[in-house]
Amino acid sequence: MDAETGPAAPQDQWKSYCRTISLLAFQSFGVVYGDLSTSPLYVYKSAFSGRLNNYRDETTIFGLFSLIFWTLTLLPLLKYVIIVLNADDNGEGGTFALYSLLCRHAKFSLLPNQQSADEELSTYYQPGVGGIISSPLKRFLEKHRKLRTCLLLFVLFGACMVIGDGVFTPAISVLSAISGLKDPGPGGIPDGWVVFIACVVLVGLFALQHRGTHRVAFMFAPIVVVWLLSIGVIGLYNIIHWNHRIFLALSPHYVIKFFKMTGKDGWLSLGGVLLAITGTEAMFADLGHFTAASIRLAFVGAIYPCLVLQYMGQAAFLSRNMSAVEDSFYQSVPRSLFWPVFVIATLAAVVGSQSIISATFSIVKQCLSLGCFPRVKVVHTSRWIHGQIYIPEINWILMVLCLAVTLGFRDTTVIGNAYGLACIVVMFVTTWLMALVIIFVWQKNILLALLFVVAFGSIEAVYLSAAVTKVPQGGWAPIVFAFVFMLVMYVWHYGSRRKYLFDLQNKVSMKWILTLGPSLGIVRVPGIGLIYTELVTGVPSIFSHFVTNLPAFHQVLVFVCVKSVPVPFVPEDERYLIGRIGPREYRMYRCIVRYGYKDVQKDDENFENHLVMSIAKFIQMEAEEAASSGSYESSEGRMAVIHTEDTTGTGLVMRDSNNEASGTSLTRSSRSETLRSLQSIYEQESGSLSRRRRVRFEIAEEERIDPQVRDELADLLDAKEAGVTYIIGHSYVKARKNSNFLKTFAIDYAYSFLRKNCRGPAVALHIPHISLVEVGMIYYV
């Protein structure tokens, strides 16, 4: 039997792998390729919108198609599909994934609260890639902070351009699809109605975002497949019916002839040709939802051949119908197929818009993790697919900007100028980041990185130079949007960093805490106090503010730091770092909760239970190490990763309390009847009472536990039963009186405005209001 099943097992695994890849490739049509596949709607019109309109002959058409063909082959196929998709960050893609890789393999990060313990995460280094290797170039970049700041600004600029894509993609895609109604015949409708219908479709698109991309994408995948088959078949029909000699234009010789004949006018038309590859970055940015193999399969098997056939067919049609260049796509569709193609084109345009809107949400979330964006609400829209999110504030901002662009420009050519500039900037940023990845992450020769930059950067530089000339004709819009978003990001990052540095420079000394004694000079009352801070070491200055202003403090104190790590995801079992502050009898601990830049901080109803179990496990681990060394002295600053999934070795037993009295079973319990009543009302109103797991802890009687450890565990459990209070500083950040004008304006006005109009830290951290205590403090930075 084993001999029969043995050879079959690898074959079954291979069949399962192929089925999975095929399914992912099919689903990727609805998420990744909607934007790229709708480009034929407007490429030729945009290319001929300038002086190239004076060269209406077959040689120009052939040269233009040859230019489109080789651009599609060199950038999306060769650069992205073959090379860039290999630079994933644990399966994640995009500019932030490249920046994250660089920050882990070189000290480029500007996040101030990084620890050596972060490097022990299982997702920190890529499989098969070694650790950090020193080199003169790396040491030079690490030494100069201004260069690292420039690198971050470079990445953020690319991110802002992606947000710009989120504005321009829906506008140009939907408006181009609806423009098919502007038929010059008797059935056509005025331009004003076309714009109005496009705006209605756009409002509907953004109104549906809260339902989640996974539902939309699964429904839209068949639409994109039908659209691709339609444009591929129509392109093949036009080749056969109008001019089969177009196959000659596959030779790059026609590109040379094109530029020889058109000269500067041909170079200016590159801004329109550029639109043929818009949406290419989505292949890399949306890598986290699929696999590199599935994205490659979809592109090589369907996207590339269908797009080539469509562009070739349009060129064949235009070579015989030059007057139709203003609406070449719909004019090339046989009249009997117009309405079916129009409906499919409109739906496909919505799909293309959906992909970049989802990518914009992800980019904003990553900026938020880097501390470069004001706190916004992040909603996890799928229980099964990790990383699919919805951000209400960004969604409505995008909708307003998109409607403003549609109503303000009213022309796909002008919108295309802005759209093309935004897309080529993102691709250019990716090229340079990839060069650094080749050197520092893949650890290849610097000449290979230079070859990559020269080969692809030079092509993109030519397109970028042509797109820049379109700045007066709409190209200014993405620059303005990028400037505004960059200003918001920089001000937020600057203000947050100055506040952190104030805490870092004004930490409470351990000597002062030790002089207060175990009681801290005040009454220690039953309960656990969770003090939230951004510091990963030391005690924040706000603690002394608490001690001097509050008459009593909790029996057990835990300093909680929620921080971001430059990895996409932190495994649940490696999320908690636990340590001790001061001697054992002080009952003061530190808990660091780590998240990756793609992790979503959800309301964890079992956070308190996890925290108690983690501290108990740390106490046991510390006691075992102390016993082996013969010393019971605690080590300040030592942190240990506590695996929350494994409850062994805690000395505690977790029991289900669903059938017990509510006074002792509520997760956030209290001995106070008033607080118990308030907690019960709060949980019932929030809808969390029925789904919350009610537990209580007991010390395991059968285990042999050291008396000191048993006493500490008993204090911990008594504090847990008494109740948990969340303590957070309500800080006011002000510039010092001797600050210059720019700093004063940035801190006192811009940063203060952003703080007042974004979500509070208690909301972002999902802290229950019933258990929250806020203490005000002014920071002079």
Quiz item: Could you name the lysines in cross-link range of K146, using Cα to Cα under 17 Å and dropping any fewer than eight places away on the same chain?
Solution: K107, K138
Quiz prompt | Estimated vicinal HN-Hα couplings, Hz - segment 743-758 in sequence order (Karplus 6.51, -1.76, 1.60; Gly, Pro = x) | solution = 5, 4, 5, 5, 7, 6, 10, 5, 5, 4, 4, 5, 5, 6, 10, 10
Quiz item: Based on the inverse mean of 1/r over its pairs of different Cα atoms, what is the Kirkwood hydrodynamic radius of the chain, in Å?
Solution: 29.1
Quiz item: Which whole-Hz couplings ³J(HN,Hα) result when phi for each residue of segment 414-426 is put into the Karplus expression 6.51 cos²θ - 1.76 cosθ + 1.60, θ = phi - 60°, listed in order with x for Gly and Pro?
Solution: 5, 4, x, 4, 5, 5, x, 4, 4, 5, 5, 5, 4
Quiz item: So, counting K/R as plus one and D/E as minus one, what does the shell of residues with Cβ under 10 Å around F48 add up to?
Solution: +2
Exercise. Take the alpha-carbon centre of segment 32-89, take the same for segment 367-435, and report the distance between them in whole Å.
Key: 22
Exercise. Pop a pseudo-label 7 angstrom from the Cα along the beta-carbon direction at both A207 and V454 and give the gap in nm to one decimal.
Key: 5.6
Exercise. Measure nothing but the geometry: give the 0 to 90° angle between the long axis through the Cα atoms of 253-262 and the longest principal axis through the Cα atoms of the chain, rounded to 10°.
Key: 80
Exercise. Report the net charge of residues surrounding V781, where surrounding means a beta-carbon distance below 11 angstrom and charges are Lys +1, Arg +1, Asp -1, Glu -1.
Key: +4
Exercise. May I ask you to give the solvent-accessible area per residue for segment 299-350, in square angstrom, as obtained with a 1.4 angstrom probe?
Key: 34
Self-check item: For peptides 727-735, 88-96, sequence by mean Cβ density within 10 Å, most packed first
Solution: 88-96, 727-735
Quiz item: Relative to the first principal axis of the alpha-carbon coordinates of the chain, what is the inclination of helix 673-685, with its axis defined by its Cα atoms, in degrees from 0 to 90 and to the nearest 10?
Solution: 20
Quiz prompt | Förster radius 41 Å - calculated FRET efficiency between S22 and V763, Cβ distance, rounded to 0.05 | solution = 0.45
Quiz item: What ranking do 290-302, 150-162 get when scored by the average of other Cβ atoms within 10 Å per residue, highest first?
Solution: 150-162, 290-302
Quiz item: Over the chain, what relative contact order in percent results from Cα pairs under 8 Å that are six or more residues apart?
Solution: 17
Quiz item: Where does each of S628, S49, S122 land when they are ordered by accessible area, with a 1.4 Å probe and the largest first?
Solution: S628, S122, S49
Exercise. Return the calculated 222 nm mean residue ellipticity for the chain, to the nearest 500 deg cm²/dmol, obtained by summing -39500 (n - 2.57) across DSSP H runs with n ≥ 4 and dividing by the residue count.
Key: -17000 deg cm²/dmol
Quiz prompt | Which listed pairs, of K499/K756; K365/K499; K617/K720; K365/K734; K365/K507; K377/K734, have C-alpha distances above 24 Å, in listed order | solution = K365/K734; K365/K507; K377/K734
Quiz item: Where both partners of a DSSP beta bridge lie in the chain, what percent of those bridges are antiparallel, to the nearest 5?
Solution: 40
Quiz item: Considering only protein heavy atoms and a 1.4 Å probe, what is the carbon-and-sulfur percentage of the accessible area of the chain?
Solution: 62
Practice problem: Arrange the peptides 452-465, 263-276 so that the one whose residues have, on average, the most other Cβ atoms within 10 Å appears first. | Solution: 263-276, 452-465
Exercise. With a 1.4 Å probe and every protein chain left in place, work out the accessible area per residue of segment 563-603 in Å², rounded to a whole number.
Key: 24
Exercise. First select every other residue whose beta carbon is under 15 angstrom from the beta carbon of N740; then total the charges, Lys and Arg +1, Asp and Glu -1.
Key: +4
Quiz item: In what order, largest first, do I424, I240 sit by accessible area if the probe radius is 1.4 Å?
Solution: I240, I424
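The values are calculated or read from the model by the stated rules, or taken from the named source; none is laboratory data. Keep in mind the model is a prediction, meaning the values are calculated, not measured. Every residue, glycine among them, receives a Cβ derived from its backbone with ideal geometry; neighbour counts consider all protein chains shown. When the accessible area is computed, the model is the full protein with side chains, heavy atoms only, and any ligands, DNA or RNA have been set aside. Shrake-Rupley method; radii C 1.70, N 1.55, O 1.52, S 1.80 Å.
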